[in-house]
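Accompanying notes for the structure given below.
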Amino acid sequence: MSGSSRADGRTATQLRPMSASQGVLARADGAVRFGFGDALAICSVNGPMEAKLKEEQLDRATIEVQYRPATGVPGVRARVMEAAIRDIVEASVLANHHPRTLVQVTVQHLNEAGSAMATTLNAVAMALLNAGLPLRSMPATTTCAITADGELLIDPTAEEEAVAASIHTMAFVQEQHQLVYIESTGHYTEEQLAACHELCRAGADKVYAFYRVALEKKLAEEGFVVEAAA
Amino acid sequence: MTTSVSPYAFTAETFKRVQPEEYYRKILEQDVRPDGRAFDACRTTIVNAGCIGTAEGSAVVRIGDTTVVCGIKAEVAEPTLDQPQQGYFVPNVELGPLCSARFRPGPPGDLAQLVSERLRSLLYVGSSKVVVLEDLCIEPEQAVWVIYADLTCLNYDGNILDACVLALSAALKDTRIPRASLDVDEGIVRADEQATQPLTLRPFIFAATYGIYEGRLLLADPNASEEPLMASQVTVCLMEDGQLAALWKSGGGLCSMEQVQQCIAQARKRYTELASLVSSSSSN
């Protein structure tokens, strides 16, 4: 692909710089603020804790999800977001290790600047880890957009999303790059979908690397000696 | 009390209720599904368009026992400031206690909102808009049509998204809106009920949903008793030109890109079936 023409000077395959603050809420079991550039979301996780009698499930933990957008009241889009968050939590938390308990996941979007779902889902994955829940995986999510000219742009900004022909959000687990979640809307060919899959997968690898660095940093601050990765 | 069945023996029905997962596993091991379908077979699908006389367009769709009615209503409204030439399209899905005991009366639940939002995204995101919103303009900055698509589920037996997309597609195709013009002197819109015209529609969209069982088996068109056992569901929305309009993979299970591609390949076959169903339903 030729030189970038993106407004913020990134190349087509370049994510915005990621940021994360871990343990930002004193009263929550786990809380992380995650960002792709200006796009920021904060997620808090509580649990496993006591479930209300009617919510209790005998063989697994009940998962309660709440999402609030940066502005306005939660609408139908918030329901889609909550369904996606639930998928991520189901894929990572070992719910049947904590029967008859409740795991509460709450997300507050802080600044909507494109790739809203990827920002949210990555905040959720990091917050689950921060809460110290036993996890089977940590899904990493990236979004890519196809412009009207057919150019693929990873981690689109809100301006890029507004004029995109299609928008693709994919969540991966590290193991064999299996897919946890896909939301892919617009107008596109199967080949374009496959290309988006490649791009999102490469992006997800960068998100994993970021998870790793963020965790190592936090452990080092707490005085643990982190062995170098094999 | 005088029954010949020993108290320790299970009937198939009891087994299904007590151990649904084990029941399904045992049957699926025989390469067949509990209702007798092959893995890639969809349930019998019926489309009946134009059955509600008082609506601008309508359709009833049945996929197996899942029944959805879609009614299209057109009303006049003022356009938004930033899109003065565009009308609106408002889909709304209702899943009430009428269709299944799992739904409660009152405001739309999570599933109903999720399906509504997915229908809306089919019509709004990117260039795949089914309804050409510019054609809903009566007078720029003054009056536009609002198309309300109300979908009500009468009987819930799984795969509600496919049924809703099919009902919406068939109903939109059946829709005729009156020719309208703005009377500038009186400031009202006059519509000629006799002279109606069909909506300008882009290529049709149909959806096909596949459940992924234990990360390996692809089950087409899962019904209500199969749905909770599927760790993942993939819905493929295809358009007439063979391109995709949407693809959703949900559920906490994992799947590979190859499985997604298999779903797309199967959905292409399903598309031709559904397209011929809709075109034959509206011809009478």
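The values are calculated or read from the model by the stated rules, or taken from the named source; none is laboratory data. What you see is a predicted model, and the numbers here were worked out from it, not measured in a lab. All Cβ positions, even for glycine, are placed from backbone atoms using ideal geometry, and neighbour counts span all protein chains on display.
On the stretch given as the stretch A:1-37, residues that are under 16 Å from A:Leu129 (Cβ atoms), among the polar types (S, T, N, Q) and over 15 Å from the mean Cα position of the chain (by Cα) total 0. Filtered by the rule that a residue be within 14 Å of the chain's Cα centre (by Cα) and farther than 30 Å from A:Ala162 by Cα, the stretch B:72-96 gives a lone residue, B:Leu95. When A:Asp29 is tested against the conditions (1) at pLDDT 95 or above; (2) within 20 Å of A:Val180 (Cβ to Cβ); (3) among the charged types (D, E, K, R), the lone failure is (2). If you scan the stretch A:172-200, which residues turn out to be more than 18 Å from B:Gln261 (Cβ to Cβ) and either more than 8 Å from every other protein chain (Cβ to nearest Cβ) or in a helix (DSSP H, G or I) (or both)? If the condition is that a residue be more than 18 Å from B:Gln261 (Cβ to Cβ) and either more than 8 Å from every other protein chain (Cβ to nearest Cβ) or in a helix (DSSP H, G or I) (or both), then A:Gln174, A:Glu175 are the ones that fit. For the stretch A:64-79, taking the residues that are in contact (Cβ under 8 Å) with a residue 12 or more places away in the chain and touching a Leu at 6+ places or on another chain (Cβ under 8 Å), the one that is surrounded by the fewest Cβ atoms within 10 Å (Cβ to Cβ) is identified as A:Ala70.
Mind listing whichever residues of the stretch A:69-108 are of a type in the set (Lys, Arg) and more than 15 Å from the chain's Cα centre (by Cα)?
Those that are of a type in the set (Lys, Arg) and more than 15 Å from the chain's Cα centre (by Cα): A:Arg77, A:Arg79, A:Arg100.
Only one of the numbered conditions (1) surrounded by fewer than 23 Cβ atoms within 10 Å (Cβ to Cβ); (2) in contact with a Lys or Arg (Cβ under 8 Å, 6 or more places away or on another chain); (3) under 17 Å from B:Ser169 (Cβ atoms) is not met by B:Asn223, and that is (3). Between B:Ala246, B:Ala171, B:Ala167, the distinction of being within 14 Å of another protein chain (Cβ to nearest Cβ) and at pLDDT 90 or above belongs to B:Ala246 only. Just one residue in the set B:Val90, B:Val144 is crowded, with 18+ Cβ neighbours inside 10 Å and on the phi < 0 side of the Ramachandran plot; that residue is B:Val144. For the stretch A:38-64, a residue qualifies if it is closer than 13 Å to A:Leu110 by Cβ and either over 14 Å from the mean Cα position of the chain (by Cα) or modelled with pLDDT under 95 (or both), and exactly one does: A:Asp38. Within the stretch B:120-143, does at least one residue satisfy the condition of being closer than 20 Å to B:Val61 by Cα and of a type in the set (Ser, Thr, Tyr)? No. Comparison of B:Arg62, B:Arg43 shows that the only residue that is in contact with a Gly (Cβ under 7 Å, 6 or more places away or on another chain) and charged (D, E, K, R) is B:Arg43. Quick check on the stretch B:162-186: of everything there that is of a type in the set (A, V, I, L, M) and assigned to a strand (DSSP E or B), which residue is surrounded by the most Cβ atoms within 10 Å (Cβ to Cβ)? Ranking the candidates gives B:Ile177 first.
Against the test of being touching a helix residue (DSSP H, G or I) at 6+ places or on another chain (Cβ under 7 Å) and away from chain A (no Cβ under 14 Å), the options B:Thr80, B:Thr66 yield a single qualifying residue, B:Thr66.
Annotation note: of A:Gly186, A:Gly114, A:Gly132, the sole residue that is touching a residue at least 40 places away in the same chain (Cβ under 8 Å), of a type in the set (Gly, Ala, Ser) and surrounded by fewer than 19 Cβ atoms within 10 Å (Cβ to Cβ) is A:Gly132. Checking every residue in the stretch B:56-66 against the condition of being within 28 Å of the chain's Cα centre (by Cα), in contact (Cβ under 8 Å) with a residue 40 or more places away in the chain, assigned to a loop (DSSP other than H, G, I, E, B) and within 30 Å of B:Gln142 (Cα to Cα) gives at least one match.
Can we say A:Arg100 is on the phi > 0 side of the Ramachandran plot and among the basic types (Lys, Arg)? Step through it out loud before you land on a result.
Values: on the phi > 0 side of the Ramachandran plot: yes; among the basic types (Lys, Arg): yes.
Judged against the criteria, A:Arg100 is a match.
In the stretch B:249-265, of all residues being of a type in the set (Gly, Ala, Ser) and within 8 Å of another protein chain (Cβ to nearest Cβ), the one that is farthest from the chain's Cα centre (by Cα) corresponds to B:Ser256. Screening the candidates B:Glu214, B:Glu227 for the property of being acidic (Asp, Glu) and modelled with pLDDT of 90 or more yields one hit, B:Glu227. Among the residues that make up the stretch B:226-242, is at least one of them more than 14 Å from every other protein chain (Cβ to nearest Cβ), surrounded by 18 or more Cβ atoms within 10 Å (Cβ to Cβ) and either assigned to a strand (DSSP E or B) or touching a Cys at 6+ places or on another chain (Cβ under 7 Å) (or both)? Scanning the stretch B:226-242, I find no residue that is more than 14 Å from every other protein chain (Cβ to nearest Cβ), surrounded by 18 or more Cβ atoms within 10 Å (Cβ to Cβ) and either assigned to a strand (DSSP E or B) or touching a Cys at 6+ places or on another chain (Cβ under 7 Å) (or both), so the answer is no. All conditions but one from (1) buried (at least 20 other Cβ atoms within 10 Å of the Cβ); (2) within 12 Å of chain A (Cβ to nearest Cβ) apply to B:Arg270; the one that does not is (2).
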